[in-house]
Structures are given as structure tokens and as C-alpha cells.
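Enquirer: The structure under discussion is supplied below as C-alpha cells; questions concerning it will follow.
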Amino acid sequence: MKAAKIRLYVEHPLGQGQTVPLSRDQAHYLFGVMRQGVGDAVLLFNGRDGEWRARVAEASKRGGLLEVDGQTAPQRDPPDLWLMFAPIKKARTDFIVEKAAEMGAARILPVQTDFTNAERIRQDRLQAHAVEAAEQCGGTYVPGVAELQKLDHVLSDWPQDRQLMFCDEALAGPASALADSTGRGKPWAILIGPEGGFSDQERARLRALPFAHAVSLGPRILRADTATVAAMTLWQQALGDWT
Ligand code: SAM
């Protein structure tokens, strides 16, 4: 049996001796694209049970069966961090979802702001990007990607114990430090605006919220995809699971 290199997300429960049926798409990827066959090993995770090694027991063009034969890593969940962002162009939105999943977001919420140009998103496609990112980066958790919601509604329905890192381009200057006292271990969210930034009305509302912390991401105005990576780095370094 070859050493397992391929990681696959499955929805099936995982445990010693468990058998896992493959969908047509998974069979195509594993046997058609990756040229695996009966007896080869693959790593599986389902977002709940950690990572497991499995062996291909049956392989065909339309499906297949895997047999789980041992755990290779325990389940590891990210901190309770939401990444909220206003969708931009397709490729850059895909990038935001991919990077948020790699960098440890627990949930991804596309939000419609006053200057958001996207009217709709393909939630299923974005969710598939989050799954692929988790497969690639060795994570055992896949953040859920929500449907597009109006920022206004999300804020009106806000869970009061969740802190909000509001990335405000109007503060561009020395980057803000998030002190430990702002809440290590608490639920948090990061908010990134669209290409056009936040409207004056939105900015005034966000700054007045008791749970919001308006921050600068440095002296230059970053594109929303760059800003996502910068904000998640600052947050993870100060309050997350990087330290
Ligand atoms: N059109 C806006 C302007 O010229 O001021 C810029 C919007 S920027 C492309 C997209 C989002 O990234 C912003 O709404 C903000 O959330 C974030 N962002 C970019 N640079 C930032 C900075 N230096 N400080 C804080 N947030 C920033």
C-alpha cells in the first residue's frame, strides 16, 4: 500500500473499520484524475471526527468504497471567528473564501453593504472552495459559507457577546494592535468592505456599536482580498490559535 497523500472531505461518519461510499465526483477525482486504485491509501476528514487513513476497497468510474483503518490526527476546530466580507469580482471572492478557510475562519458570511456591486453569490461554489482549501491545508474543519445577507440585517440580529473587528479604510495609518484585553477566547467577527469601501452612514453605525472595534490595517488602502489576509493575520496573531 502506498503512503496516503491525498486528503478527501467526506460527509460520512469516520471511525475504525467504517466503510465510506464514494460519490461519482469523488470516484472520478480519486481514480480518474489521481490514478488511485484498490489497495491505495487516502486520508479522510468530515469536519467532526478528525483525520483517518482509509484504503480503497472498491473502485469504479461511478463510485467506490473506502475502508477506514486508523486515525491519523484528532479533530481540531478553529477559534470562533466569523469572516464577514462584501463580495467583489468572482476570482477575488473565491480567493477570499479560500484564504479565510486556510487561515482559520470558523464561518464565512458574505454580506451586502451599501456599495457592494454583487447582487448574488453562488453559495454552493464558494462552499466547494472552502472544502478544497481544507483538503489542501491539512485542516480537519470546513467553515460553513452562508448565503448572501444584508449587513444591516446581520447587525440588527447580532449576538451580543460577539466582538467585531471592523476594518475601516478611513483609519488607514499605523496598523491597530488588538490587545489581549479585547477578548481572547471570546467569539469574534472580522468585517471587510467592498471595492468602494463603507458608506458614511454604515461607518457611523458601525463605529457606534458597543461590540465593534474599528481598526486600521496599515497606511495603504488594501484591496478587499489583501485586507482579508492582513486582518486575519493580525487577529490570529493577537487573539487566535497561532500563538
Ligand atoms: N474604496 C475605498 C477607499 O478608497 O477608501 C477602499 C476600500 S478597500 C479596497 C476594501 C476594504 O478593505 C475596506 O472597506 C476595508 O474593510 C479594508 N481595508 C483596506 N485597506 C484598509 C486599511 N488600511 N485599514 C483598514 N481597512 C482597510
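Enquirer: Which value in deg cm²/dmol, rounded to the nearest 500, describes the helix-derived mean residue ellipticity at 222 nm for the chain, given -39,500 (n - 2.57) per DSSP H run of n ≥ 4 and division by the residue count?
Expert: Estimated from H runs of four or more residues: -8000 deg cm²/dmol.
Enquirer: Count charges around residue 48 for me, please; just the other residues with Cβ under 15 Å from its Cβ, Lys/Arg as +1, Asp/Glu as -1.
Expert: Value of the local net charge: -3.
Enquirer: Who wins for biggest fluctuation among 31, 45, 211 in a Gaussian network model of the chain, springs between alpha carbons below 10 Å?
Expert: 31
Enquirer: Using 0.36 nm per residue, how much length does the chain from residue 25 to residue 149 gain when fully extended, once their Cα-Cα distance is taken away?
Expert: 41.6 nm
Enquirer: Here's something else I'd like to know. How tilted is helix 224-239 with respect to the longest principal axis of the chain? Cα atoms for both, answer in degrees (0 to 90, nearest 10).
Expert: It works out to around 90 degrees.
Enquirer: For each of 114, 200, 40, count neighbouring Cβ atoms within 10 Å of the residue's Cβ, then give the residues from fewest to most.
Expert: Least to most surrounded, the residues fall as 200, 114, 40.
Enquirer: Something else: Cα gyration tensor of the range 85-207, axes a ≥ b ≥ c as square roots of the eigenvalues: rounded (a/c below 1.5), prolate (a/b > b/c) or oblate?
Expert: It comes out oblate by the Cα gyration axes.
Enquirer: Looking at 106, 22, 234, which one has the Cα that reaches farthest to the positive end of the dipole of the chain (charges on Cβ: Lys, Arg +1; Asp, Glu -1)?
Expert: The residue sitting farthest along the positive end of the dipole is 22.
Enquirer: What nm distance separates the two modelled labels at residue 216 and residue 177, each placed 7 Å from Cα along Cα→Cβ?
Expert: Label at residue 216, label at residue 177, 1.5 nm between them.
Enquirer: Taking only Cα atoms and a 10 Å spring cutoff, compute GNM fluctuations for the chain and point out the largest among 193, 15, 32.
Expert: Fluctuation is largest for 32.
Enquirer: What's the angle, to the nearest 10 degrees (0 to 90), between helix 123-137's Cα axis and the longest principal axis of the chain?
Expert: On a 0 to 90 degree scale, this one is about 70.
Enquirer: Taking the Cα centroid of the range 58-75 and of the range 130-207, what is the distance between the two, rounded to the nearest whole Å?
Expert: Result: 36 Å between the Cα centres.
Enquirer: Okay, moving on. Let me have the relative contact order for the range 81-239, percent, based on Cα pairs under 8 Å that are six or more residues apart.
Expert: The value is 30 percent.
Enquirer: Continuing with this model, one more query. Pick from 174, 78, 143: which is most flexible by mean-square fluctuation in a GNM of the chain where alpha carbon atoms under 10 Å apart are linked?
Expert: Maximum among the listed residues: 174.
Enquirer: Based on DSSP, what percent of beta bridges with both residues in the chain are antiparallel, to the nearest 5?
Expert: Taking every DSSP beta bridge within the chain, about 40 percent pair in antiparallel fashion.
Enquirer: For residue 32, what is the net charge nearby, where nearby means another residue's Cβ is under 13 Å from its Cβ and Lys, Arg count +1, Asp, Glu -1?
Expert: +3
Enquirer: What's the magnitude of the charge dipole for the chain around its Cα centre, counting Lys and Arg as +1 and Asp and Glu as -1 at the beta-carbon? Answer in Debye, nearest 20.
Expert: Result for the chain is approximately 500 debye, rounded to the nearest 20.
Enquirer: Then there's this: Compute the distance in nm between two label points, each set 7 Å from the Cα along the Cα-to-Cβ direction, one at residue 48 and one at residue 199.
Expert: 4.2
Readers should treat all values here as calculations from the given coordinates under stated rules, not as data from a laboratory. This structure is a prediction, so every number in the text was calculated from the model and none was measured. Don't worry about glycine lacking a Cβ; one is built from the backbone with ideal geometry, like all the others, and counts go over all protein chains shown.
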